[in-house]
């Protein structure tokens, strides 16, 4: 069964205090990785802490493998948590940090040592047992924190923004390692982040939270390509929202642009979430020139980032942000360009 929330709410303070988490229901299937995603203050970390037993729900039930753990403490849940700050003991060497939970649980020293060494091997830290945390890189410290969680052989493993302290390259490699480890060991994982690309890369299921509730839950592809609300559409993939009109023939008009959405919409006002990579940048236009089904855009800023360029443009729809692979093109401030939307990377929802 994994983890199950049944109408779980949480407030801090008295009965008049606002709810931080508002009657949410979800399931993290056993052996899967579910990411709880959302902006700051949406309730995702509180939700994770309730899974861990660090916070008690105000109402509702929490089940793990079919057992009601709502009123059980962290030590009674067989759950391990990897924190954003790593929380390593600076005066202990690596093996001491990894073995700590076993030592305080009374596991015989020889057995604890063997399990700790095995856990270090699982995260690729053979030969690092005698080093201090200060002698390790950020990625290596994160692996120690992961080994310390794994050594307890938890039924559920929790991650709270585990990669936010790492640079971009380390974030990519660590997220891949966490995913591979989860799949190899068949772990049940709940993973909190505010980074959409991170969530898309590692998850079997994504739960998007908004203001203490669940805006949508589903596979990464579901949320990216079939959002059910303007909030989810705008939050996934750094999309910009534009107002439009759905027509009786099924097309959607965004200013001069005519789109065919992937699913039918009733005629009326809609919102379209357009991701930066969805725009196709056409040729430069002469003064007074226009192209059919294209949006006139004036280039105000551009930045070269190696394999792509970022463009900021002014249009009649408002500011538009574009990511283009045309790194060798002659971009110039003030150019008037034709933008079009071939279809992918655009999500349309009714208002």
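Structure notes:
- Odd one out for residue 272, checked against (1) out of contact with any helix residue (DSSP H, G or I) (no Cβ under 7 Å at 6 or more places or on another chain); (2) at pLDDT 90 or above: (2)
- Complete set of residues in the range 287-307 that are assigned to a strand (DSSP E or B) and surrounded by 12 or more Cβ atoms within 10 Å (Cβ to Cβ): 295, 296, 297, 298, 299, 300, 302
- Qualifying residues in the range 69-79 (those that are free of Cβ contacts under 8 Å to residues at least 24 places away in the same chain and touching a strand residue (DSSP E or B) at 6+ places or on another chain (Cβ under 6 Å)) - the one farthest from residue 12 (Cα to Cα): 69
- Pairs, first in the same structural domain as residue 58 (by TED's automatic domain parsing) and at positive phi in the range 13-26, second surrounded by 10 or more Cβ atoms within 10 Å (Cβ to Cβ) and outside any strand (DSSP E or B), C-beta under 9 Å, six or more apart: 23/212
- The selection criterion, being out of contact with any helix residue (DSSP H, G or I) (no Cβ under 9 Å at 6 or more places or on another chain), surrounded by fewer than 19 Cβ atoms within 10 Å (Cβ to Cβ) and over 26 Å from residue 311 (Cα atoms), does not hold for residue 246.
- Per the conditions (1) modelled with pLDDT of 95 or more; (2) closer than 24 Å to residue 225 by Cβ, the sole criterion not satisfied by residue 261 is (1).
- Counting only helices (runs of 4 or more DSSP H) that sit wholly inside the range 189-286, those with at least 2 residues that are under 29 Å from residue 79 (Cα atoms) and touching a residue at least 12 places away in the same chain (Cβ under 8 Å) are 196-202, 220-225.
- Restricted to the range 1-50, the set of strands (runs of 3 or more DSSP E) holding at least 1 residues that are closer than 15 Å to residue 70 by Cα comprises 3-11, 19-28.
- Among the residues making up the range 317-332, those that are more than 12 Å from residue 279 (Cβ to Cβ) and surrounded by 11 or more Cβ atoms within 10 Å (Cβ to Cβ) are 318, 319, 327, 329, 331.
- Residue list for the range 101-115, filter: more than 30 Å from the chain's Cα centre (by Cα) and either closer than 18 Å to residue 184 by Cα or part of a helix (DSSP H, G or I) (or both): 102, 103, 104, 109, 110, 111, 112, 113, 114, 115
This table checks each residue for (1) surrounded by fewer than 18 Cβ atoms within 10 Å (Cβ to Cβ); (2) farther than 30 Å from residue 221 by Cα; (3) touching a strand residue (DSSP E or B) at 6+ places or on another chain (Cβ under 9 Å); (4) at pLDDT 90 or above.
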| position | (1), (2), (3), (4) |
| --- | --- |
| 19 | yes, yes, yes, yes |
| 25 | yes, no, yes, yes |
| 37 | no, no, yes, yes |
| 43 | no, no, yes, yes |
| 50 | no, no, yes, yes |
| 63 | yes, no, yes, yes |
| 81 | no, no, yes, no |
| 84 | yes, no, yes, no |
| 105 | yes, yes, no, no |
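- Output for the range 199-221, where each listed residue is surrounded by fewer than 21 Cβ atoms within 10 Å (Cβ to Cβ), over 14 Å from residue 44 (Cα atoms) and either touching a helix residue (DSSP H, G or I) at 6+ places or on another chain (Cβ under 8 Å) or not assigned by TED's automatic domain parsing to the domain that holds residue 78 (or both): 200, 201, 220
- Test: residue 144 is touching a residue at least 40 places away in the same chain (Cβ under 8 Å), closer than 29 Å to residue 50 by Cα and in a strand (DSSP E or B): no
- Scanning the range 108-124 for residues being at pLDDT below 85 and either surrounded by 18 or more Cβ atoms within 10 Å (Cβ to Cβ) or in contact with a strand residue (DSSP E or B) (Cβ under 7 Å, 6 or more places away or on another chain) (or both) gives a total of 1.
- Residues that are part of a loop (DSSP other than H, G, I, E, B) and free of Cβ contacts under 8 Å to residues at least 60 places away in the same chain, drawn from the range 308-318: 308
The values are calculated or read from the model by the stated rules, or taken from the named source; none is laboratory data. Quick caveat: nothing in here was measured; it's all calculated off a predicted structure. Virtual Cβ from ideal backbone geometry, glycine too; neighbours counted across all protein chains shown.
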